[in-house]
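The values are calculated or read from the model by the stated rules, or taken from the named source; none is laboratory data. Computed from a predicted structure; not experimentally measured. When we count neighbours, we look across all protein chains shown, and the Cβ atoms used for this are built from the backbone with ideal geometry, even at glycine. Heads up: the accessible areas ignore ligands, DNA and RNA and are worked out on the full protein's heavy atoms, side chains in. Shrake-Rupley method; radii C 1.70, N 1.55, O 1.52, S 1.80 Å.
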Amino acid sequence: MPRAPGRPFDPPPGLYRLRREAPVCRVRLWDGSVARLLTRHADQRAVLLDSDRFSSDTDLPGFPHRSASSKAMRSRERAFIDMDDPDHGRMRRLVIPDFAARRIDALQPMIQRVADERVDELLRGPERFDLVADFATPVTLLVLFEVLGVPFRDHPFLRDAALTMQSAGHSEEVGASVKARVMTYLEGLIGAKAACPGADVASRLVQGGLAAGALNREETVMTLMLLLIAGFETTEQMIALGSLALLEHPDQLALFRENDDPAAGTRAVDELLRYLTVSHFGRRRVALVDVEVAGEAVRAGEGVVVATNIGNRDEEVFPGADRLDLGRDARGHLSFGFGRHLCLGHHLARTQLRIALGTLHRRLPSLRLAVSRDTLAFRHDKMIYGVHELPLIRSAPA
């Protein structure tokens, strides 16, 4: 269900109607199976919190996969986000310390350096540039590579591979081939970190997981693959789509640019995360037992689709929810999920977005669209929503 023409920041209109009239409704999926679609924030939060009765295990019958290719891929290459406890907890605990608030706070100088270097490049280049290719993508990947411990010489290979895997312009065979090369690369990285560990996530995962017997080699590779993929597109597109939203709300952009307090910046980022909700497919679960949700009986084996984009626009939780308000307390949004499966990298994502968006819009205060908004190509064809390109001009109009 695409977003309405002319309203690229809003959920599809039909979801508003369902939230009013049938907040727990049956929907038919791509393979003919039936699942429950949840559109109210309170119901979504309750289901995401209830990991004992709603499973994230993508191998279970009834799990509402997004597509045939997604189902096949999940069966072959499961990461811990596709599992329940105890395996989920066993694997997640090994990387939690690397993404704790204190560890991420220590990364702020590095993230600031990366953002400043990219703005320096923009200032040396043409007046017109593509925010996605020239800022959002390199900032996101450079930070991610430093956090994971990818050697500088390997950045070009992984950058090109990451861009190919998110592109819609290649065959399934090409995508599978690139992913296989990345997994082979990660195998080699594991060996290098075992021989010569550093102060990075890959080294600590190898030492505390693989070497200690807490992970096998396949699990180590899949955990690194998850961190690489999950940390890329969402942050990249939040930088791009967040910039577009700020440019289209000049009063909010002025508030954001004029207040460099980190707490205010984090509050603004949470509001952008709520307002934009770039995940097109929500969170997915399957019921393990018969359970009631908002008075509706959900049977064991029924899939559940948690449409967080409309849940994040619930007026019962966020009054004036269709309005971007950077002063709002939006911490209750569900863009990072909730409960045991809360996104591991939420501290890193918030910090990256606060620094990247703040640096960009404070150092380039005259940014403006280089084309009509109506001509932008939005990512309706991708799991992570956003823009394929965002042409901007960095100088004020004459």
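Have a look at Arg78, Arg45, Arg66, Arg3 and point out the one that is under 30 Å from Ala176 (Cβ atoms) and touching a Leu at 6+ places or on another chain (Cβ under 9 Å). Break it down stepwise before answering.
Details: Arg78 fails: touching a Leu at 6+ places or on another chain (Cβ under 9 Å); Arg45 fails: under 30 Å from Ala176 (Cβ atoms); Arg3 fails: touching a Leu at 6+ places or on another chain (Cβ under 9 Å).
Only one candidate qualifies: Arg66.
Here is a list of conditions, (1) surrounded by 17 or more Cβ atoms within 10 Å (Cβ to Cβ); (2) at pLDDT 85 or above; (3) hydroxyl-bearing (Ser, Thr, Tyr), and Thr164 meets all of them except one; can you say which number that is?
Checking Thr164 against (1) surrounded by 17 or more Cβ atoms within 10 Å (Cβ to Cβ); (2) at pLDDT 85 or above; (3) hydroxyl-bearing (Ser, Thr, Tyr), the one that fails is (2).
How many of the residues making up the stretch 366-390 are outside any loop (DSSP other than H, G, I, E, B) and hydroxyl-bearing (Ser, Thr, Tyr)? Step through it out loud before you land on a result.
Within the stretch 366-390, the subset outside any loop (DSSP other than H, G, I, E, B) is 368-369, 373-375, 378, 384, 387.
Next, from what is left, pick out any that are hydroxyl-bearing (Ser, Thr, Tyr): 375.
Qualifying residue count for the region: 1.
Need pairs with beta-carbon distance below 7 Å; first residue closer than 30 Å to Ala194 by Cβ and within the stretch 126-152, second surrounded by 21 or more Cβ atoms within 10 Å (Cβ to Cβ) and aromatic (Phe, Trp, Tyr); sequence gap 6+ or separate chains.
Qualifying pairs under 7 Å: Thr140/Phe232; Leu141/Phe232; Leu144/Phe232.
Quick check on Phe256: is it open to solvent by less than 30 Å² (accessible area, probe 1.4 Å) and in contact (Cβ under 8 Å) with a residue 40 or more places away in the chain?
Details: open to solvent by less than 30 Å² (accessible area, probe 1.4 Å): yes; in contact (Cβ under 8 Å) with a residue 40 or more places away in the chain: yes.
Here the answer is yes, as Phe256 does meet what is asked.
Any residue in the stretch 82-93 that is in contact (Cβ under 8 Å) with a residue 40 or more places away in the chain sitting within a Cβ distance under 9 Å of a residue that is open to solvent by 70 Å² or more (accessible area, probe 1.4 Å) and of a type in the set (Lys, Arg)? List the pairs, counting only those 6 or more apart or interchain.
Asp85/Arg340; His88/Arg340; Gly89/Arg340; Arg92/Arg340
Only one of (1) open to solvent by 70 Å² or more (accessible area, probe 1.4 Å); (2) modelled with pLDDT under 95; (3) not hydroxyl-bearing (Ser, Thr, Tyr) is not met by His155, so which one is it?
All conditions are met except number (1).
Confirm whether Ser33 is at pLDDT 95 or above and either open to solvent by less than 20 Å² (accessible area, probe 1.4 Å) or not β-branched (Val, Ile, Thr) (or both).
Details: at pLDDT 95 or above: no; either open to solvent by less than 20 Å² (accessible area, probe 1.4 Å) or not β-branched (Val, Ile, Thr) (or both): yes.
No.
Hey, any hits in the stretch 150-162 for a residue that's under 26 Å from His380 (Cβ atoms) and out of contact with any helix residue (DSSP H, G or I) (no Cβ under 8 Å at 6 or more places or on another chain)?
Filtering the stretch 150-162 for residues under 26 Å from His380 (Cβ atoms) gives 159-162.
Filter once more, keeping what is out of contact with any helix residue (DSSP H, G or I) (no Cβ under 8 Å at 6 or more places or on another chain): 160.
Scanning the stretch 150-162, I find at least one residue that is under 26 Å from His380 (Cβ atoms) and out of contact with any helix residue (DSSP H, G or I) (no Cβ under 8 Å at 6 or more places or on another chain), so the answer is yes.
Would you check which residues across the stretch 167-183 are at pLDDT below 85 and either open to solvent by less than 50 Å² (accessible area, probe 1.4 Å) or of a type outside the set (Asp, Glu) (or both) and list them?
At the first step, the residues of the stretch 167-183 found to be at pLDDT below 85 are 167-176.
Listed by number, the residues that qualify are Ser167, Ala168, Gly169, His170, Ser171, Val174, Gly175, Ala176.
So which pairs qualify, if the first residue must be in the stretch 104-122 and over 16 Å from Leu353 (Cα atoms), the second must be open to solvent by less than 50 Å² (accessible area, probe 1.4 Å), the Cβ gap must be under 8 Å, and the two must be at least 6 apart or on different chains?
Listed pairs, sorted by first residue: Leu122/Phe129; Leu122/Phe135; Leu122/Leu364; Leu122/Arg394.
Starting from residues that are open to solvent by 10 Å² or more (accessible area, probe 1.4 Å) and over 28 Å from Arg26 (Cα atoms), keep the ones in the stretch 37-84 and report whichever is modelled with the highest pLDDT.
Step by step, filter the stretch 37-84, then rank; the result is Glu77.
Among the residues of the stretch 310-335, which ones are small (Gly, Ala, Ser) and in a loop (DSSP other than H, G, I, E, B)? Reasoning before the result, please.
First pass over the stretch 310-335, keeping only residues small (Gly, Ala, Ser): 311, 320-321, 327, 330, 332, 335.
Hits for the stretch 310-335 are Gly320, Ala321, Gly327, Ala330, Gly332, Ser335.
Please work out which one of (1) closer than 15 Å to His280 by Cα; (2) surrounded by 20 or more Cβ atoms within 10 Å (Cβ to Cβ) is the condition Leu15 fails and give its number.
(2)
Residue by residue, here is whether (1) in a helix (DSSP H, G or I); (2) free of Cβ contacts under 8 Å to residues at least 12 places away in the same chain; (3) crowded, with 16+ Cβ neighbours inside 10 Å; (4) hydrophobic (A, V, I, L, M, F, W, C) holds:
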site: Asp251; (1), (2), (3), (4): yes, yes, no, no
site: Gly265; (1), (2), (3), (4): yes, no, yes, no
site: Leu272; (1), (2), (3), (4): yes, no, yes, yes
site: Tyr275; (1), (2), (3), (4): yes, no, yes, no
site: Val286; (1), (2), (3), (4): no, no, yes, yes
site: Ala297; (1), (2), (3), (4): no, yes, no, yes
site: Ala300; (1), (2), (3), (4): no, no, no, yes
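Residues are listed down the side, and each one gets a yes or a no for (1) modelled with pLDDT of 95 or more; (2) of a type in the set (Ser, Thr, Tyr); (3) more than 26 Å from Arg159 (Cβ to Cβ):
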site	(1), (2), (3)
Gly208	no, no, yes
Glu218	no, no, no
Leu226	no, no, no
Arg257	no, no, yes
Tyr275	yes, yes, yes
Phe281	no, no, no
Glu292	yes, no, yes
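Read through the list (1) open to solvent by 20 Å² or more (accessible area, probe 1.4 Å); (2) in contact with a strand residue (DSSP E or B) (Cβ under 7 Å, 6 or more places away or on another chain); (3) under 30 Å from Asp260 (Cα atoms); (4) not acidic (Asp, Glu), then give the number of the only condition that Phe129 fails.
(1)
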